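For reference, the structure discussed in these notes is given below.
Each reported figure results from applying straightforward, stated rules to the coordinates on display, with no laboratory input. This one's a predicted model, so the numbers in the text were calculated from it and none came from an experiment. We place every Cβ from the backbone using ideal geometry, glycine too, and count neighbours over all the protein chains shown.
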Amino acid sequence: MTEAQRVALGLTVSQRRQKLGYTTRQAGKLSGTSASTISRLERGEFDEVDASILLGVATALRLDPLFLYSLNGLLEGSGADDKTGRIILRGLAHMTADQKQKAHQMLKNAFPDAFLHTETEELDAGEADAASDGKP
């Protein structure tokens, strides 16, 4: 992700969160992540954000996941420019947490190389901050 993409993604999340009146703590809880992750995302501290984090944030903030994916550079070469790719990505927004986990595991088993060097663990490392006061 480029610096411009990090800034655009951070501003989009920050402005939308504030417009909805959510603290970072509330946005973290609603999106299934932590206040720390929301704050770091808003400050543009991640070189790449896992799609599952962006999906949760998009759902919590009522944003189009494809828009956040595009800001994160996830759609480049992803097939989202074709009808099937768009349908698959939009389907994620309608899955339960259990369905998403099963789909994630299925994809990970089928395409292990696509999951090399993902930063999900790093993104979720701030879960202890979820008990903080929610300020960035």
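Contour minus end-to-end for residue 15 and residue 110, with contour as 0.36 nm per residue of separation and end-to-end as the Cα-Cα distance?
30.5 nm
Which trypsin sites (Lys or Arg not before Pro) in segment 1-79 sit in a loop by DSSP (not H, G, I, E or B) and have at most 12 other Cβ atoms within 10 Å of their own Cβ?
Here the trypsin sites (Lys or Arg not before Pro) that fit, given the DSSP loop and packing criteria, are 62.
Counting other beta carbons within 10 Å of each residue's own, what order do 52, 70 fall into, fewest first?
Arranged by neighbour count, lowest to highest, 52, 70 become 70, 52.
Could you line up 42, 48 from fewest to most neighbouring Cβ atoms inside 10 Å?
The most exposed by this proxy come first: 48, 42.
Please rank 64, 50, fewest neighbouring Cβ atoms within 10 Å first, as an exposure proxy.
Fewest-to-most ranking of 64, 50: 64, 50.
Need the full-extension length gain, residue 100 to residue 59, defined as separation in residues times 0.36 nm minus the C-alpha distance. One decimal, nm.
13.4 nm
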